[in-house]
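This report refers to the structure that appears directly beneath it.
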Amino acid sequence: MTDAESPQRPWGFVEVLAEERDHKVTRITITPGGRLSLQRHQRRWEHWYVVKGSATATLGDKKLKLSAGASVDVPVKTVHRIENTDSESFVLIEIQRGEYFGEDDIERFEDDYGRT
């Protein structure tokens with residue numbers, strides 16, 4: 001199993017719920033203090049639905065406060081990040097749509113964990 005296939009990430013966990021040719025559905029858990037890299041994708045659009053907790057999302061030049069029940073669309077080529085500054089885990093369902101879902105479609109601009 002490669003790092004990309006492992007459910008463990010430095011900021012939490014990813015569980016693939018479904019994957020087809022044109023979409024992928026994951027459950028993402030971000031532990032307290034964890035944050036995803038500031039990133040964008042060239043080949044996929046994302047939709048986030050918050051299940052539990054609260055976090056701050058960067059979406060382009062906007063900062064959004066997310067909590068349970070919120071949903072957000074992340075268009076292709078939009079710079080984005082989620083940061084959990086809360087004391088409990090943050091959980092969301094992510095629906096990816098597009099033609100390609102590989103880890104090499106992640107263009108990282110800032111990463112706390114030294115990934116490129």
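Throughout, read-outs are computed from the coordinates displayed, never taken from laboratory work. Values in this document were obtained by computation on a predicted structure and should not be read as measured data. Quick reminder, even Gly has a Cβ in these numbers, built from the backbone with ideal geometry, and neighbours come from all protein chains shown.
Of note:
- Of the trypsin sites (Lys or Arg not before Pro) found in region 79-116, the ones in coil according to DSSP and having at most 16 other Cβ atoms within 10 Å of their Cβ are Arg115.
- Over region 8-110, relative contact order from alpha-carbon pairs under 8 Å, at least 6 apart, %: 38 percent
- Of the labelled figures [x] 1.20; [y] 0.92; [z] 0.97, only one reflects Rg/Rh (Cα atoms, Kirkwood Rh) as derived from the coordinates, namely [y].
- Dipole magnitude (debye, nearest 20) for region 1-114, charges at Cβ of Lys, Arg, Asp, Glu: 400 debye
- If R0 is 22 Å, the Cβ-Cβ spacing of His23 and Lys77 corresponds to a FRET efficiency of close to 0.75.
- Restricting region 1-87 to GluC sites (Glu not before Pro) that sit in a DSSP loop and have at most 15 other Cβ atoms within 10 Å of their own Cβ leaves Glu5, Glu20.
- Count Lys and Arg as plus one, Asp and Glu as minus one, and take only other residues whose Cβ is under 12 Å from that of Asp111; the net charge is then +2.
- Value of Rg/Rh across region 49-116 [Cα atoms, Kirkwood radius]: 0.96
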